[in-house]
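Just below is one structure, and these are the notes that go with it.
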Amino acid sequence: MRKLALVLLAIALPLGLYEGVLRAFWINPFAHESPDLVLVLRTQPARADRTLDRGALHLDPPQVRFRTDARGYIEPAQRIPDPEFTLAFQGGSTTECLVVQEELRWPNQVAVQLESLGFRANALNAGRAGNTAHDALVNLVEIVSRDRPDVVLLMHAINDAGLLAEGGYARRAPQPDGWRAGGRWLFETASAHSSLAGLVRRLSGFGREVPGPAPAQAPPVPDPEPYQERLRAWARTARAFGIEPVLITEPLSSLRNELTPPWTDAAALAVFNARVRAIGREERVAVVDLAALVEAEPDFHTPEKIYYDGMHVNDAGARIYGRLVAEALARDVLPGLRAARASHLPQIAP
């Protein structure tokens, strides 16, 4: 220990001397310059492969697999090799469908059920728990646009209402404490190469979303204007990249149990869903009114058939979501894209 202290002292003394001399005779041009801000993209990790236990949810089978491809899209991302259309889905945990069986997650079910309606499609599921329309806008520019999907669909409302009630989108702003992001990156990298680090990460719950305490009473409905601004920017950005935007309203049932997120607010969600419909009209963007469509389903009146907590779908609910969204796309969106594509085919000289 003494030798180590001597070594450290031997290093510190000359460095301190150099620092003192430089401060006396040299003007540091960076003395008042702040470091670059660090923005963490809220996306799925690439090449994830985990088995999740859903036994506590009383769902069969008790385990499901959660995988992502090399780009971070939830599998199955390349269901067929030659799709006519590629659809990208952005949303929170209700789009991610973490504990739904892999083939039954509703974005994939949209692609599956479109086949019977005459459209061959692949689904890129970019959902991630806790994400908001703000995150979708950033990820659209940085991630989704690079894959050039034909259609991008967004279902964000309830997370935005919750975040805006707790401090707003400033919590998603770039931060000056890059050392936190660097430390996180090092730990995540270590867990990919070390079983010991992986065990520590698993047991510690590192990176897991931790909900805040339940409010004593329902918070007032937050101002939806910042949310509306992001929806409008998202739709216009998608079109700037040559991608057709589609908005989806977010359903919520009356079921409440110990698994229901404590910040779930039906009143706020209704206001935010209304803004989704309004932006659709103003920006001439197709809106899949999934909230209204699901309410018209017979099983909605026994919500435990569709949801395990009133908000997140089970396997059966994912099939329903997939069918309803597929029918809406086949009716209101994809025929127009097919016709537009056909009208731009090169003419072959006789």
TODO: Give the peptides 41-53, 261-273, 227-239, 288-300 in descending order of average Cβ contacts within 10 Å, highest first.
DONE: 227-239, 261-273, 288-300, 41-53
- [ ] Among Lys3, Lys305, rank each residue by its count of other Cβ atoms within 10 Å, from fewest to most, as a rough exposure measure.
- [x] Lys3, Lys305
TODO: Assuming 0.692 mPa s and 37 °C, estimate D for segment 278-350 with Stokes-Einstein, Rh taken as the Kirkwood radius over Cα pairs, in µm²/s.
DONE: 222
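Could you state the orientation-averaged shadow area of the convex hull built on the Cα atoms of segment 27-116, in nm² to one decimal?
10.2
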Task: For the chain: relative contact order, % (alpha-carbon pairs under 8 angstrom, 6 or more apart) - done: 18
Task: Bridge type composition, the chain - antiparallel percent by DSSP, nearest 5 - done: 35
- [ ] Express the relative contact order of segment 241-350 as a whole percentage, based on alpha carbon pairs under 8 Å and six or more residues apart in sequence.
- [x] 30
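Taking only C-alpha pairs under 8 Å that are 6+ residues apart, what is the relative contact order of segment 50-110 in percent?
29
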Open item on the list: Please rank Glu283, Glu96, fewest neighbouring Cβ atoms within 10 Å first, as an exposure proxy.
Closed with: Glu283, Glu96
- [ ] Provide Tyr18, Tyr307, Tyr169 in ascending order of the number of other Cβ atoms located within 10 Å of each residue's Cβ, fewest first.
- [x] Tyr18, Tyr169, Tyr307
- [ ] Between Arg67 and Leu98, with labels modelled 7 Å along Cα→Cβ, what's the label distance in nm to one decimal, could you check?
- [x] 2.0
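Give the dimensionless ratio obtained when the Cα radius of gyration of the chain is divided by 2.2 N^0.38 Å.
Dividing the Cα Rg of the chain by 2.2 N^0.38 Å gives 1.19.
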- [ ] Would you pull out the residues with amide H under 5 Å of Glu84's amide H, same chain only if 5 or more places away, H placed 1.01 Å from N?
- [x] Arg120, Ala121
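Taken together, the values in this text are just the output of simple stated rules run on the coordinates, not laboratory data. Note that this is a predicted model, so its numbers are computed, not measured. Glycine also receives a Cβ, built like all others from the backbone with ideal geometry; neighbour counts cover every protein chain displayed.
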